[in-house]
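Step one of this worksheet: look at the structure below.
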Amino acid sequence: MKVEIWSDVVCPWCYIGKRRFEAALARFAHRDAVEVVWRSFELDPTATSALFPGDGATYVERLAAKYGMSSEQARQAVESTTATAAGVGLDFHMDRALAANTFDAHRVIHLAARGVQAQVTERLMHAHFVEGAAVGDWATLVGLASEAGLEGAEVERVLQSGEYADAVRADEAEAAALGIRGVPFFVLDRRYGVSGAQPTEHLLAALEQAWAEREPVRVVNDGSGGTREACGPDGCPI
């Protein structure tokens, strides 16, 4: 069973949702038969990777300005999200989070699909929300991806070549086609969609429902059992 997760590395609820999904998957009886694929979604494709705005605004001030909140509302939102993250074992320091364009980070995550995609996604999210690393900076991306299992030289080559740009755009186009407006968004076996960082119990229930409702292959033949023109362990009837 395939689970596709649309997310962004600078989305706090995506990181929280990742932890909740991992907890659900750990309790899922058929977890070894689940393939997890991380898909690209940019919360703000127009974002720049400038470390700080020219006016030296704090994270709370930037949040308030972006969403039309008061400073107090923004502060409470940050505190609430930080507390929720702590509940799943994440030590958020959102005051350290730097503005970043994540297009190149998503290209690196596509490169990591050969076997370390979850590790690279985790490393980038942790770097942004806990360490305050600049995940839009190429040198930073090379270092973080190398720590997560990719070859630094290959990461650098991909960044310089523009490789996987089409894959990122394809993910984003598919998200739009599926009606995905926010992340995280979980698609289970292309049958069910789960929006948001749902509680672990809800994600586990979704996994179990998707598994239970998988349709077996329906064999259509002429009544002979399909044995007359097929090869099997005992050979080929000719």
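Listed by Cβ neighbour count within 10 Å, with the fewest neighbours leading, Arg214, Arg191, Arg107 appear as Arg214, Arg191, Arg107. Taking every DSSP beta bridge that has both residues in the chain, what percent is antiparallel when rounded to the nearest 5? Around 60 percent of the beta bridges assigned by DSSP in the chain are antiparallel ones.
Less than 5 angstrom separates the built amide H of Val36 from those of Val3, all sequence-distant by 5 or more or on a different chain. Per-residue Karplus couplings for the stretch 70-79, computed as 6.51 cos²θ - 1.76 cosθ + 1.60 with θ equal to phi - 60°, are listed in order as 7, 4, 5, 5, 5, 4, 5, 5, 5, 5 Hz, Gly and Pro entered as x. Working from label points 7 Å from Cα in the Cα-to-Cβ sense, the Leu43 to Glu151 distance is 3.4 nm. Restricting the stretch 182-217 to GluC sites (Glu not before Pro) that sit in a DSSP loop and have at most 15 other Cβ atoms within 10 Å of their own Cβ leaves Glu213.
Let a ≥ b ≥ c be the square roots of the eigenvalues of the Cα gyration tensor of the stretch 19-122; is it rounded (a/c under 1.5), or, if not, prolate (a/b larger than b/c) or oblate? In terms of gyration-tensor shape, oblate. Phi angles of the stretch 116-127 translate, via the Karplus equation with coefficients 6.51, -1.76, 1.60 and θ = phi - 60°, into HN-Hα couplings of 10, 5, 5, 5, 5, 4, 4, 5, 5, 5, 4, 4 Hz per residue; Gly and Pro are given as x. How much net charge surrounds Ala145 when only other residues with a Cβ under 11 Å from its Cβ are counted (Lys, Arg +1; Asp, Glu -1)? Combined, the nearby Lys, Arg, Asp and Glu give -3. Report the residue, chosen from Ser195, Ser70, Ser146, that carries the largest GNM mean-square fluctuation when the chain is represented by alpha-carbon nodes joined by springs under 10 Å. So, out of Ser195, Ser70, Ser146, the one fluctuating most is Ser70.
Taking amide H atoms as placed 1.01 Å from N in the peptide plane, the amide H of Gly149 has no partner under 5 Å among residues 5 or more positions away or on other chains.
Just so you know, all these numbers are worked out from the coordinates, no wet-lab data involved. Note that the structure is predicted; figures quoted are calculated from it, not measured. A quick note on method: Cβ atoms are made from the backbone with ideal geometry, for glycine too, and the neighbour counts reach across all protein chains shown.
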